Amino acid sequence: MPIDKFVTLESPAVPLPIENVDTDQIIPARFLKATTREGFGDNLFCDWRYDKNGQPKADFVLNDPTYNGQILVAGKNFGSGSSREHAAWAIGGYGFKAVVSSFFADIFKNNALNNGILPVQISDAFLAQLFEAIEKDPKVKIKIDLENQSISVPATGISEDFDINPYKKKCLLNGYDDIDYLFSIKDEIAAWEKAAQ
Amino acid sequence: MAGKTLFDKIWEKHVVNNVEGGPSVLYIDRHLIHEVTSPQAFAGLKARGIKVARPEKTVATPDHNIPTMEQHLPIHDELSRFQVNKLKENCEANGVTMYGLTHPYNGIVHVIGPELGLTRPGMTIVCGDSHTSTHGAFGSIAFGIGTSEVEMVLATQCLMQSRPKTMRINVEGELQKGVTSKDIVLYIISQISTGGATGYFVEFAGSAIRKLSMEARMTICNMSIEMGARGGMIAPDETTIEYVKGREFAPKGAEWDKAVAEWRQLPSDPDAVFDKELTFKAEDIEPMITYGTNPGMGIGISAHIPKVEDIEKASQNSFKKSLQYMGYQPDEPMIGKKVDYVFVGSCTNGRIEDLRAFAAFVKGKKKADNVTAWVVPGSKQVEKQAIEEGLRDILEEAGFYLRQPGCSACLAMNDDKIPEGQYAVSTSNRNFEGRQGPGARTMLASPLTAAATAINGVITDPRTML
Ligand code: SF4
């Protein structure tokens, strides 16, 4: 799957100030029966978003017209639980291009990156500042600059740098994926296999 | 130069190359697949016009979506049936072995790998499933991957991975009676939280771990993912070698001797250095139970649910939200709480030893009328053994029923769902909101605690009945 390029993103954000959001909340298991990657966005956070009769719950942030944008800002330890890549497909399918949190579960981070969604890990203190800025002005824009590895709120002047693996950064900036790379070293793999036997 | 850890030794032996400033290309010895996380990967191969590179290194089993009753009939849920059939189609088209429904080797992917001897010390093992960490109990590097990575392994037998940090968790001393390996792992998670080992590969060591059977070790490595770890592992020893010996796909003859000699070199060197090291005392561990909606929210069964002020300020809202979902109050005791369901099974506690422990406990007693119990073997082989050893008869006499193997109520993708608002004591690994069905409320515990609770009809400390 070739991925979308990610260079910079400037967008309002959707706040989800809940800790330990697990993959069963992001996409409940009963929606994992699909055999394609499409359509998961409709069921993102399904059990928080809809009631038993499929009606939107007014108090959940995705149903609140005050908030929208391509950035999800979530509480600490986002994406723990299962390895289901469906969680990343649901987030991407809904329209988010980046998730910001002060801590991510490992597998989720990989899955997001493999789908061109940027997980931006920031300090607890900066996360609190972001939530505050969004609460004050729900339309406030957050800017993520991958080349310079920085996240900022231009309107208020706050910013922080974030880490990303240099190889993954290159993949995102250029829109290529790991399989492209692995194919490029096919002969090397075959030689290694032979030697290991 | 410092010595090497078990992890270092296996990792270094499998690195094909290192990308500059980036991950390593890791060669994968064993790839396990199931119906839920593989279809999009096979579709990806097809789109690229390629086939599985090393079909003989991949083994498939449908487990997540399958019914646990009347498995000889076609699956009645249309989407599940389609997904299971898709796995079969994909495997056939690519020459991959699949142990389908009713096959004597079918079962939960993390149960069948070890019991067939597909899982062995020193291997790199991956599966599109987070509980792949289970296989680390044999002294292998085993971890869960996403579907894009499944596609990567199918296409090239390699995976791009950043090297994780290493942690050793020692558990020293003697376990109290009635305390099991499930309690050890729930205890560790409650101490270090669900993110406590994120970024690390954890080796479990210490005298209490050494004494455990392979089944019990698998339970601990299985839930290493619940502390955030990339995977868990335990050094191979005589217990490991004894377990693998003679299994269907285990090496035989001279191959066996050669393999065993290699396995004996794997344990961490005495002077090996870990990035982090923690030690716990086995004596401190009680039978554990969870009261909240993540596996880190566990307490000794005789303890009370924490008070709000005992929780870190920033986490208090999440704590309150969690208790609200469970219908519990801060500072309440867990013992004596109402229970509607008991679920015994999953890749955490669905092995023969778990069924033996459960059956031995309920033998000659009667299940409480208010409790619905689902006892689900982890595999066809476990089911067969349970019948041959007379466990099924014991269970039936006590008012229980042995279902057919599968993931079942662990994630409730099939019909085995805990109804909304109902309470379930489960031997599985996740108590997330809705994990066992929309609105279901899960308390994680050991098979012994599950047994005591099923008999008494309320949450019960198994030590009071031993
Ligand atoms: S038993 Fe549960 S945790 Fe284990 S593989 Fe199945 S769904 Fe996953």
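What follows is calculated from the coordinates using simple rules that are stated; it is not laboratory data. All values reported here derive from a predicted model rather than from experimental measurement. Cβ coordinates were reconstructed from backbone atoms using ideal geometry, including for glycine residues, and neighbour counts include every protein chain displayed.
Among the GluC sites (Glu not before Pro) in region B:40-95, those placed in a DSSP loop whose Cβ has at most 16 other Cβ atoms within 10 Å are B:E70. Values of log10 I(q)/I(0) for region B:71-137 across q = 0.16, 0.18, 0.21, 0.29 Å⁻¹ run -0.67, -0.83, -1.04, -1.30, by the Debye formula with one identical scatterer at each alpha carbon and no solvent. Among the listed pairs B:K9/B:K258; B:K9/B:K51; A:K5/B:K165, those whose Cα-Cα separation exceeds 24 Å are B:K9/B:K51; A:K5/B:K165.
In this structure, the amide hydrogen of B:Y341, modeled 1.01 Å from its nitrogen in the peptide plane, lies closer than 5 angstrom to those of B:T372, B:Y423, B:A424, B:V425, counting only residues at least 5 positions away or on a different chain. A Förster distance of 45 Å, applied to the separation of the beta-carbon atoms of B:E238 and A:A125, puts the FRET efficiency at 0.35.
Put simply, when B:149-156, A:82-89, B:194-201 are sorted by average Cβ atoms within 10 angstrom per residue, most first, you get A:82-89, B:149-156, B:194-201. Antiparallel beta bridges, as assigned by DSSP with both residues in chain B, represent about 25 percent of the total such bridges. Close amide H pairs (under 5 Å, H built 1.01 Å from N) link B:G206 with B:V171, residues at least 5 positions away or on another chain.
Cut-off 10 angstrom, C-alpha nodes, Gaussian network model of chain A. Which of A:N68, A:N53, A:N43 fluctuates the most? Most flexible of the set in this elastic network: A:N53. By DSSP, what percent of the beta bridges with both residues in region A:1-143 are antiparallel, rounded to the nearest 5? Rounded to the nearest five, the antiparallel share is 25 percent.
Pairs from the table (B:K245/B:K380; B:K313/B:K367; B:K367/B:K417) lying more than 31 angstrom apart at Cα are B:K313/B:K367. Couplings for region B:427-443, taken from phi via the Karplus curve 6.51 cos²θ - 1.76 cosθ + 1.60 with θ = phi - 60°, read 8, 7, 10, 9, 10, 4, 3, x, 4, 9, x, x, x, 5, 10, 10, 10 Hz in order; Gly and Pro are left as x. Pairwise inverse Cα distances across region A:65-146, averaged and inverted, put the Kirkwood hydrodynamic radius at 13.1 Å.
Can you give the translational diffusion coefficient of chain B in µm²/s, computed by Stokes-Einstein from the Kirkwood radius over Cα pairs at 37 °C and 0.692 mPa s? Value of D from the Cα-based Kirkwood radius: 146 µm²/s.
In terms of overall dimensions, region B:268-378 has a Cα radius of gyration and Dmax of 18.3, 56 angstrom. Applying both filters, DSSP loop and at most 16 other Cβ atoms within 10 Å, to the GluC sites (Glu not before Pro) of region B:241-342 gives B:E248, B:E312. On full extension, the segment bounded by B:N317 and B:K363 gains 12.2 nm, given 0.36 nm per residue less the C-alpha separation. According to a simple spin-label model (label point 7 Å from Cα along Cα-to-Cβ), what is the distance in nm between B:A303 and B:E397? Inter-label distance under the simple model: 3.8 nm. Sparsely packed loop sites in region B:350-409 (the trypsin sites (Lys or Arg not before Pro) outside DSSP H, G, I, E and B with at most 12 other Cβ atoms within 10 Å) comprise B:K366.
Of all aspartates and glutamates in the structure, those lying under 15 Å Cα to Cα from B:K276, and not within fewer than 8 positions of it along the same chain, are B:D8, B:E203. Taking amide H as placed 1.01 Å from N in the peptide plane, A:E19 has its amide H under 5 Å from the amide H of B:S318, each at least 5 places away in sequence or on another chain. Per residue of peptide A:23-31, the mean number of Cβ atoms on other chains within 10 Å of the residue Cβ is 6.
Packing here is the average count of other Cβ atoms within 10 Å per residue, and on that basis the peptides A:7-14, B:30-37, highest first, run B:30-37, A:7-14. Excluding same-chain neighbours fewer than eight residues apart, the aspartates and glutamates reachable from B:K384 by a Cα-Cα span under 14 Å are B:E115, B:E353, B:D393. Starting from the Cα of B:R81, move 7 Å in the Cα-to-Cβ direction to define the label point; list residues of region B:41-70 whose amide nitrogen is under 13 Å from there. Only B:67 fall inside the zone, counting backbone N under 13 Å.
Taking each residue in B:228-237, count the Cβ atoms of any other chain within 10 Å of its Cβ, then average. What number comes out? For this peptide, the per-residue mean of nearby foreign Cβ atoms is 1. Per residue of peptide B:428-435, the mean number of Cβ atoms on other chains within 10 Å of the residue Cβ is 5. The charge dipole of chain B, taken about its Cα centre with unit charges on the Cβ atoms of Lys, Arg (+1), Asp and Glu (-1) only, comes to about 360 debye.
Under a model in which nothing but the beta-carbon of Lys, Arg (+1) and Asp, Glu (-1) is charged, the protein assembly as shown shows a dipole of about 620 debye around its Cα centre.
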